[in-house]
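**Q** Structure below; questions to follow.
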Amino acid sequence: MDNNINFTKVNEIDLPKILDERGNLSFIEAPRNIPFEIKRVYWIYDVPGGEKRGGHAYRELNELIIAISGSFDVTIDTGTEIKKFTLNRSYKGVYIPKMVWRSLDNFSTNALCLILASEEYKEDDYIRDYDEFISLLINK
Ligand code: TYD
């Protein structure tokens, strides 16, 4: 793991990039580049113009979001800070720890959003109500 990165916080990560005349290559190795075991990988694609995904937080799940192609915005809300990351490079990721409200929007044509997750899919882990999210943050 890269010790310069604080993985308890949201942050943009530069992934390794091997430049090559034959085409560039990037990779992710756990736990060197991300601080969790990858239990699930999923991707979002064919997003119609103007659509939004996400709009929830997770109780336990940590994740890394990458724009493998195209671009989109990741907006995070920690309860004290709202920040927007525009992802448009396949060697950049946004790391989002648990208990952060996050939404994805402004997808370009042919955007491909790859998400590496620390947990299997569990609906119980989702917090889909914003007021509940805030009250869980206050009462933690
Ligand atoms: P969801 O995570 O709610 O999408 P978004 O955050 O963009 O609103 O997922 C949409 C549906 O897809 C959800 O009802 C269940 C299903 N799903 C799975 O079965 N497995 C998965 O790994 C994910 C991410 C979703």
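**Q** Going Cα to Cα from Lys17, which aspartates and glutamates come in below 16 Å? Please leave out same-chain ones fewer than 8 positions away.
**A** The reachable aspartates and glutamates, counting only those whose Cα sits under 16 Å from Lys17, are Asp2, Glu29.
**Q** Out of the total accessible area of the chain (probe 1.4 Å, heavy atoms of protein only), what percent is carbon and sulfur?
**A** 47 percent
**Q** Between Lys39 and Asn139, what is the spin-label point distance in nm, taking each point 7 Å from the Cα along the Cα→C-beta axis?
**A** Inter-label distance under the simple model: 2.4 nm.
**Q** Counting only heavy atoms of the protein chains, get the accessible area per residue of the chain (1.4 Å probe) and round it to a whole Å² value.
**A** 60 Å²
**Q** Take every Cα pair under 8 Å in the chain that's 6+ residues apart, average their separations, divide by the length, and report that relative contact order as a whole percent. Intermediate results must be reported in sequence, preceding the final value.
**A** Numbers: 310 pairs, mean separation 45.2, N = 140.
That works out to 32 percent.
**Q** While we're here: Mind grabbing the base-10 log of I(q)/I(0) for the chain at q = 0.13, 0.14 Å⁻¹? Debye formula, identical points on the C-alpha positions, no solvent, two decimal places.
**A** Result of the Debye calculation: -0.56, -0.65.
**Q** Can you give the helix-only mean residue ellipticity at 222 nm for the chain, where every DSSP H stretch with n ≥ 4 adds -39500 (n - 2.57) and the sum goes over all residues, rounded to the nearest 500 deg cm²/dmol?
**A** Calculated at 222 nm, the ellipticity per residue is -2000 deg cm²/dmol.
The values are calculated or read from the model by the stated rules, or taken from the named source; none is laboratory data. Computed from a predicted structure; not experimentally measured. Here Cβ is always computed from backbone atoms with ideal geometry, including for glycine, and neighbour counts include all displayed protein chains. Protein only, heavy atoms only, side chains kept; ligands, DNA and RNA dropped before computing areas. Shrake-Rupley method; radii C 1.70, N 1.55, O 1.52, S 1.80 Å.
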